[in-house]
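What follows is one structure encoded as structure tokens, with my remarks underneath.
The values are calculated or read from the model by the stated rules, or taken from the named source; none is laboratory data. Everything numeric here is computed off the predicted structure, so don't read it as measured data. A quick note on method: Cβ atoms are made from the backbone with ideal geometry, for glycine too, and the neighbour counts reach across all protein chains shown. Areas reflect the complete protein model, heavy atoms only, side chains present, ligands, DNA and RNA absent. Shrake-Rupley method; radii C 1.70, N 1.55, O 1.52, S 1.80 Å.
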Amino acid sequence: MQRHRLVRVPASSANLGPGFDVLAAALQLHLELEVEETGEFAVHTDLDIPTDRTNLCVRAFERLRPADAFTFTIRSQIPLQGGGGSSAAAIVAGLVAADHVFELDADLFALAHELEGHPDNVAAALEGGFVICAGDQVTRFDPPAGLEGVLVVFEDAVATEQARAALPAEVPIADAVFNIGHASLLVLGLAEGKWDLVARGLQDRLHQPRRAALYPRSIELIDRARQLGALGATLSGAGPSVLVWAHYEQTGGIMQALKRELEGTAQVVRVPFEPLGADVRAL
């Protein structure tokens, strides 16, 4: 009997302001990877991504087993421009597919972390909800009821490597202390559903100010997010996408205002936080 699996993996937003390489959240946009044992290798997709063995889903699959006899069909709602965790979703999808097809019980987080190079996006893609990454430890908790996101996807993508190169090897201790305090406020606010703590906790002094020259429009939007009725906004991952945080009653008005302002220059997508991580089923 031919093996045939469908893997569904959520998008993610990493860092969440002060939680650089530590905090992330899964978002309700998804990548779907269909893997079928057809006896030959092929990749089918309408996306502007490689269709050979350099494809991220295939590379991740082959980290566990050869893909020679499998056909991969890839569909995705996740923007490719940067900041939505598209690479993490692809890596997780490939690993989960191979692990399930061959019944391996592999350490998927460790493998995904190795392939992606940082832990936060892949942890959120695997686990769903909000995640805290500390070394090889991932702790997950549910999104609070009533909290939503709006993802603003700017077209002027910058490579993650370039965004990381903008960060210094060392930072002033005052900035580090500021971020420890605000990350703590953010986690407490999310865990207890306290919007005032969430709003205060979204501030960052480690990575966003140092990336401002790369994404001036993104940083400008973050600086005035509260004027739009939002709790705040954060650079999504390495950018240029911005995650605007809102109580669900304000989301509609914020969406309308952003679409008017950014028409023709950015996508504006409503993204509830996703409690479910990577899921696989046999076909």
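To the nearest 10, the accessible area of residue 247 is 40 Å² with a 1.4 Å probe. Gain on full extension, evaluated as 0.36 nm per residue between residue 196 and residue 164 minus their Cα-Cα distance, stands at 8.5 nm.
A Cβ-based charge dipole, computed about the Cα centre of region 21-76 with Lys and Arg at +1 and Asp and Glu at -1, lands at about 200 debye.
Of the listed residues 127, 116, 263, the order by accessible area with a 1.4 Å probe, largest first, is 263, 127, 116. Working from label points 7 Å from Cα in the Cα-to-Cβ sense, the residue 217 to residue 177 distance is 3.9 nm. Residue separation of residue 73 and residue 140 scaled by 0.36 nm, minus their Cα-Cα distance, works out to 21.1 nm of gained length. By DSSP, the beta bridges lying fully in region 1-91 are antiparallel in about 80 percent of cases.
Putting +1 on Lys and Arg Cβ atoms and -1 on Asp and Glu Cβ atoms, find which of 139, 76, 66 reaches farthest to the positive end of the dipole of region 57-145. Farthest towards the positive pole: 76.
Among 223-231, 166-174, the peptide with the highest mean count of other Cβ atoms within 10 Å heads the list, and the full ranking is 223-231, 166-174. Over the residues of the chain, the helix contribution to mean residue ellipticity at 222 nm works out to -10000 deg cm²/dmol, using -39500 (n - 2.57) for each DSSP H run of at least 4. Peptides 15-21, 233-239, 50-56, 90-96, ordered by how many other C-beta atoms sit within 10 Å of their residues on average, highest first, read 90-96, 233-239, 15-21, 50-56. Placing +1 on the Cβ of every Lys and Arg and -1 on the Cβ of every Asp and Glu, with nothing else charged, gives region 177-252 a dipole about its Cα centre of roughly 240 debye.
Using a simple spin-label model with pseudo-atoms 7 Å out from Cα toward Cβ, residue 104 and residue 261 lie 4.5 nm apart. Each Lys and Arg contributes +1 and each Asp and Glu -1, all at the Cβ; summed about the Cα centre of region 54-170, the dipole is approximately 240 debye. Were the residues from residue 188 through residue 32 laid out at 0.36 nm apart, the gain over their Cα-Cα distance would be 52.9 nm.
Each peptide among 102-111, 264-273, 201-210 gets the average number of other Cβ atoms lying within 10 Å of its residues, and from highest to lowest they stand as 201-210, 264-273, 102-111.
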